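The values are calculated or read from the model by the stated rules, or taken from the named source; none is laboratory data. Keep in mind the model is a prediction, meaning the values are calculated, not measured. Here Cβ is always computed from backbone atoms with ideal geometry, including for glycine, and neighbour counts include all displayed protein chains. Quick note on the areas: whole protein, heavy atoms, side chains included, nothing else; ligands and nucleic acids left out. Shrake-Rupley method; radii C 1.70, N 1.55, O 1.52, S 1.80 Å.
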Amino acid sequence: MAMITKDTLIGDILDLDRDTAPYFLEMGMHCLGCPSARGESLEEACMVHGVDVNELIAKLNAHLANK
């Protein structure tokens, strides 16, 4: 199983599991198809959108663990 970290790229997370998209939409990141958004790290995206990166990491890893 892949482990998401703060350095994982948004595009890599989406490529790993498209069902993670709602987690990004929920935080206000509606530009998931944009090449620059896909190249952002999880930490960068969370900083821009005012989201706790550790909380999102926990949610994403829990989601992937249940796959």
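Computed from backbone phi with θ = phi - 60° and the Karplus coefficients 6.51, -1.76 and 1.60, the 3J(HN,Hα) list for the stretch 25-31 is 4, 4, 8, x, 8, 9, 10 Hz; x is used for glycine and proline. Placing pseudo-labels 7 Å out from each Cα toward the beta carbon at Ser36 and His63 gives an inter-label distance of 2.4 nm.
Taking all protein chains together and rolling a 1.4 Å probe, Lys6 ends up with roughly 90 Å² accessible. Mean sequence separation of contacting Cα pairs (under 8 Å, at least six apart), scaled by the length of the chain, corresponds to a relative contact order of 44 percent.
Extension gain for Glu43 to Glu55 (0.36 nm times residue separation, less C-alpha to C-alpha distance): 3.2 nm.
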